[in-house]
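The values are calculated or read from the model by the stated rules, or taken from the named source; none is laboratory data. Given the structure is predicted, the values throughout are model-derived calculations rather than measurements. No Cβ is skipped: glycine too gets one built from the backbone with ideal geometry, and neighbour counts run over all protein chains shown. Protein only, heavy atoms only, side chains kept; ligands, DNA and RNA dropped before computing areas. Shrake-Rupley method; radii C 1.70, N 1.55, O 1.52, S 1.80 Å.
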Amino acid sequence: AQSVTQPDIHITVSEGASLELRCNYSYGATPYLFWYVQSPGQGLQLLLKYFSGDTLVQGIKGFEAEFKRSQSSFNLRKPSVHWSDAAEYFCAVGARVNSGGYQKVTFGTGTKLQVIP
Amino acid sequence: DAGVIQSPRHEVTEMGQEVTLRCKPISGHDYLFWYRQTMMRGLELLIYFNNNVPIDDSGMPEDRFSAKMPNASFSTLKIQPSEPRDSAVYFCASTVGPPREQETQYFGPGTRLLVL
């Protein structure tokens, strides 16, 4: 079974600073990888996803993530953080459970991002 | 499209009462998922449906929990009797299949449940 680890529960960065949120996964085959963002009181919104091809994935809101198979990582980055980026971020890994069937997605426990002026 | 709709947005109830959470998936989506989010356990998949049929309910914590999908546009998650440890945010999500690389789960705003 797949699993996801987000080692940082809470991160604080200054507005304008760069950001990197860590995500490590465990899965026996090539995973499907996702980053979601959850603003307070809201549901989850997909930021970006990796299925195959280029290991550097561009997402919405200026975010990007890099898939590194050798490190089993899929870290999320943003070069300059805005105050509106304060939210909780979830990494997720998906896998096919049967031929042509739905990919079961397992979520990490999340990283809360605080942005200070 | 209005997105995934969940009701109620907030629910406060007393231990032992029945709780029913409702979800309307995005029109045309044939997969529906119920998740529970808590501080301790994060986001957990409880059950998912394909074409109104439950496919995997291994995440349902115990017999007090049940879920139904009587038609393509409506699903319920019921807890009977409710307990304080059921307090959590419950999310519904939907997606369109068969699964392809473009597959994305669309989440509803969640129902925040507090059992006293």
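Here is how the numbers come out for the structure above:
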| item | result |
| --- | --- |
| Complete set of residues in region A:56-77 that are in a helix (DSSP H, G or I) and in contact (Cβ under 8 Å) with a residue 40 or more places away in the chain | A:GLN71 |
| Subset of region A:45-55 that is open to solvent by less than 50 Å² (accessible area, probe 1.4 Å) and assigned to a strand (DSSP E or B) - its residue that is nearest to B:ALA2 (Cα to Cα) | A:LEU46 |
| Single residue of region A:74-117 satisfying the filter (of a type in the set (Val, Ile, Thr) and open to solvent by 50 Å² or more (accessible area, probe 1.4 Å)) that is modelled with the highest pLDDT | A:ILE116 |
| Region B:42-67 residues that are more than 11 Å from chain A (Cβ to nearest Cβ) and farther than 21 Å from A:LEU44 by Cβ, paired with ones that are open to solvent by 50 Å² or more (accessible area, probe 1.4 Å) and polar (S, T, N, Q) (beta carbon under 7 Å, 6 or more apart) | B:ASN52/B:ASN71; B:ARG64/B:GLN80 |
| Some residue of region A:78-89 being without any contact (Cβ under 8 Å) to a residue 40 or more places away in the chain, farther than 20 Å from B:GLN37 by Cβ and outside any strand (DSSP E or B) | yes |
| Residue in region A:10-20 that is of a type in the set (D, E, K, R) and open to solvent by 50 Å² or more (accessible area, probe 1.4 Å) present | yes |
| Filter result for the condition that a residue is part of a strand (DSSP E or B) and open to solvent by 50 Å² or more (accessible area, probe 1.4 Å), over B:PRO54, B:PRO81 | B:PRO54 |
| Among (1) away from every other protein chain (no Cβ under 14 Å); (2) in contact with a Cys (Cβ under 8 Å, 6 or more places away or on another chain), the one test that A:SER14 misses | (2) |
| Among the candidates A:GLN58, A:GLN38, A:GLN42, A:GLN71, residue that is within 14 Å of chain B (Cβ to nearest Cβ) and either touching a Pro at 6+ places or on another chain (Cβ under 7 Å) or surrounded by fewer than 14 Cβ atoms within 10 Å (Cβ to Cβ) (or both) | A:GLN42 |
| Total residues in region B:84-104, condition surrounded by 18 or more Cβ atoms within 10 Å (Cβ to Cβ) and farther than 21 Å from B:GLY3 by Cα | 2 |
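For every residue, the table says whether it meets (1) open to solvent by less than 50 Å² (accessible area, probe 1.4 Å); (2) closer than 24 Å to A:VAL93 by Cβ.
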| site | (1), (2) |
| --- | --- |
| B:PRO8 | yes, no |
| B:MET15 | no, no |
| B:ILE26 | yes, yes |
| B:TRP34 | yes, yes |
| B:GLY42 | yes, yes |
| B:LEU46 | yes, yes |
| B:ASN50 | yes, yes |
| B:SER58 | no, yes |
| B:ASN71 | no, no |
